[in-house]
Amino acid sequence: MKLTLWTYEGPPHIGAMRIATAMEGVHYVLHAPQGDTYADLLFTMIERMNKRPPVTYTTFQARDLGGDTAELFKDAARSAYARFKPDLLMVGASCTAELIQDDPGGLAAALQLSVPVLPLELPAYQKKENWGAAETFYQMVRLLGKDYVLSPGEKRKPRPAGLPPSCNILGPTALGFRHRDDLVEIRKLLRQIGVRVNVVAPLGAKPEDISRLHEADFNVVLYPEVANSAAQWLSKNFGQPSTKTIPIGFNATRAFIEEVCTLAQIHCDIDELTKRSRARWYALSVDSTYLTNKRVFIFGDATHAIAAAKVASQEMGFQVVGLGTYSRELAREVREAASQYGIEALITDDYLEVEQRITELQPELILGSQMERHIAKRLKIPCAVISAPIHVQDFPARYSPQMGFEGANVLFDTWVHPLMMGLEEHLIGMFREDFEFHDGAAPSHLGHGHQRTPANEANVASEPTPVPEVAVANGAPVTESVWEPEAQKELNKIPFFVRGKAKRNTERFAIERGLSTISLETLYDAKAHFGR
């Protein structure tokens, strides 16, 4: 056994709690010792929910182990049913309670409650949180949908004429990374396409909604880690196809629209829909010198890691030097994605292995989870969070989706700005001696904030005064350097308010070294020299 300080996923009963907490009219009776109630904090402190999860713990103690813990569970289930009056009761055991081998499902059935009871058998020592969420959702869909299963050979009835196509959105849960905002964005996109949303599940759904899933024409699977198994069951028993494209990034959102339109059998003006995106224009407006071929390491759940690699490679111009996941259930998909970049996927739930790989690769940007943010901080590498596990700051008060066209805008802001900050820091270092470019200087475009004094006016007049030491080239002193067109073009990319200073410094650098022409290489050498 290996002691670990951090873990990417909790035990599977945490996944079941994410389903119960996301839904309405559901209550979860969890056979668990007193200490396992810590799970409430994940939702109230990290996600900042304004209510406790709908969970009743048996909270047995050490002294109870010598008595009848089964009766303790029955009392808790009976009390929870009477107090909360749920439409569906989930019952199960935590990892610790699993060891005492009570049978929550059998004990709950013996109570003969008048609501459906969903018994959960989640092997805590073999499986983890995402699997627990997927299994809970799958079992719930089966339990509440079994009465509507088509008979062998029976076909789906065609959609009545005049009704718009409809879909279910599957996968968003409580404690999911930006699930709340992703859902808003995708619902808006589907409405623009002309597709009606039948049910969103599990987030916001009631048990009666789950029993209506079969009414939709197809399913939109946003998070395969949670919804894949349920979607496969719906496909097998109701003939409902599912989307495969995850709409993260501009290109993927376009592909998602095409896939939805095909499944809905409708025509979509994709070019008109993409006009609303700002990401393309922003991408064109940014100085790609500071982005192209930046070496990026990506790690997270499979859905976000694969999508991030596509965006980084195809839309940002980054070089993907590392890609991995802790989601062993989707390791095959991540390995396939990694092979497209000529690298070997890292499949592990050991954060020390991830840190070791990052240290070896020395990327210029890390896209990862809360764990990688800590690693990046220690290694002083820019980092953006793209996946769970996440911390409280990853549940922002503002609207901040990852999916759809607005999600592409958010990705641009989140990933590019840490790299652009490097440019600003370089300029601060290069021009720290400039009178209008020191820590105490007010923004120069604010006339009232920048009061020129006689002293700094004198500095302006005397800026060209530094007389460089003239070097000798080919027997003749070099007193002037000529800019090559390519270097001049690069110089023009520097912000206007510091361009003059950069030009003078580069020319002085060239003259001191006897260079009669300034090439692109000379410009970068001067930049490195003054940036020390």
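The values are calculated or read from the model by the stated rules, or taken from the named source; none is laboratory data. Nothing here was measured: the structure is a model prediction, and the numbers come from that model. Please note: Cβ atoms are built from the backbone with ideal geometry, for glycine as well, and neighbour counts cover all protein chains shown. Ligands, DNA and RNA are excluded from the accessible area calculation, which covers all protein heavy atoms including side chains. Shrake-Rupley method; radii C 1.70, N 1.55, O 1.52, S 1.80 Å.
The rows are residues; the columns are (1) modelled with pLDDT of 95 or more; (2) open to solvent by 40 Å² or more (accessible area, probe 1.4 Å); (3) of a type in the set (Gly, Ala, Ser).
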| site | (1), (2), (3) |
| --- | --- |
| SER339 | yes, yes, yes |
| GLY342 | yes, yes, yes |
| LEU346 | yes, no, no |
| ARG357 | yes, yes, no |
| GLN362 | no, yes, no |
| LEU365 | no, no, no |
| ARG373 | no, yes, no |
| LYS377 | no, yes, no |
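Would a scan of segment 229-246 turn up a residue that is hydroxyl-bearing (Ser, Thr, Tyr) and over 25 Å from the mean Cα position of the chain (by Cα)? Yes; the residues of segment 229-246 include at least one that is hydroxyl-bearing (Ser, Thr, Tyr) and over 25 Å from the mean Cα position of the chain (by Cα). Only one entry of GLY132, GLY145, GLY153, GLY162 meets the criterion of being modelled with pLDDT of 95 or more, out of contact with any Gly (no Cβ under 7 Å at 6 or more places or on another chain) and not polar (S, T, N, Q), and that entry is GLY145. When we screen ILE358, ILE375 for residues that are in contact (Cβ under 8 Å) with a residue 40 or more places away in the chain, part of a helix (DSSP H, G or I) and either more than 19 Å from LEU411 (Cβ to Cβ) or over 20 Å from the mean Cα position of the chain (by Cα) (or both), the only hit is ILE358.
As a summary of the residue check, GLU225 satisfies the conditions (1) assigned to a helix (DSSP H, G or I); (2) out of contact with any Asp or Glu (no Cβ under 8 Å at 6 or more places or on another chain) except for the one numbered (2). Screening segment 313-332 for residues that are more than 17 Å from the chain's Cα centre (by Cα) and more than 11 Å from ASP301 (Cα to Cα) and picking the one that is modelled with the lowest pLDDT gives GLY317. Of the helices (runs of 4 or more DSSP H) contained entirely in segment 228-311, those carrying at least 1 residues that are at pLDDT below 95 and buried (at least 19 other Cβ atoms within 10 Å of the Cβ) fall at 250-264, 279-285.
For segment 46-64, which positions are surrounded by fewer than 11 Cβ atoms within 10 Å (Cβ to Cβ) and not in a loop (DSSP other than H, G, I, E, B)? Scanning segment 46-64 gives ALA62, ARG63. Only one of the listed residues (LYS146, LYS127) is free of Cβ contacts under 8 Å to residues at least 60 places away in the same chain and of a type in the set (Lys, Arg). That residue is LYS146.
Count of segment 65-109 residues, restricted to those that are open to solvent by 70 Å² or more (accessible area, probe 1.4 Å), farther than 23 Å from PRO53 by Cα and in contact (Cβ under 8 Å) with a residue 12 or more places away in the chain, is 1. One residue is enough: does segment 412-435 have a residue meeting the conditions under 30 Å from VAL221 (Cα atoms), of a type outside the set (Asp, Glu), open to solvent by 10 Å² or more (accessible area, probe 1.4 Å) and at pLDDT below 90? Yes, that holds for at least one residue. Can you pull out every residue in segment 168-193 that is farther than 22 Å from LEU234 by Cβ and over 16 Å from the mean Cα position of the chain (by Cα)? LYS188, ARG191, GLN192 - these are the residues of segment 168-193 that are farther than 22 Å from LEU234 by Cβ and over 16 Å from the mean Cα position of the chain (by Cα). In this structure, is ALA32 within 17 Å of GLU129 (Cα to Cα) and either at pLDDT below 95 or open to solvent by 40 Å² or more (accessible area, probe 1.4 Å) (or both)? It is true that ALA32 is within 17 Å of GLU129 (Cα to Cα) and either at pLDDT below 95 or open to solvent by 40 Å² or more (accessible area, probe 1.4 Å) (or both). Of note, LEU118 does not satisfy the criterion of being on the phi < 0 side of the Ramachandran plot, assigned to a loop (DSSP other than H, G, I, E, B) and buried (at least 20 other Cβ atoms within 10 Å of the Cβ). Selection of helices (runs of 4 or more DSSP H) fully inside segment 122-214 by the criterion of at least 3 residues being crowded, with 21+ Cβ neighbours inside 10 Å and touching a strand residue (DSSP E or B) at 6+ places or on another chain (Cβ under 9 Å) returns 129-145, 179-193. Does PRO401 satisfy the condition of being in a loop (DSSP other than H, G, I, E, B), open to solvent by less than 20 Å² (accessible area, probe 1.4 Å) and in contact (Cβ under 8 Å) with a residue 12 or more places away in the chain? Considered against the rule, which asks whether it is in a loop (DSSP other than H, G, I, E, B), open to solvent by less than 20 Å² (accessible area, probe 1.4 Å) and in contact (Cβ under 8 Å) with a residue 12 or more places away in the chain, PRO401 comes out as yes. Exactly one residue out of ASP64, ASP36, ASP68, ASP40 is closer than 19 Å to LEU111 by Cβ and among the acidic types (Asp, Glu): that is ASP68.
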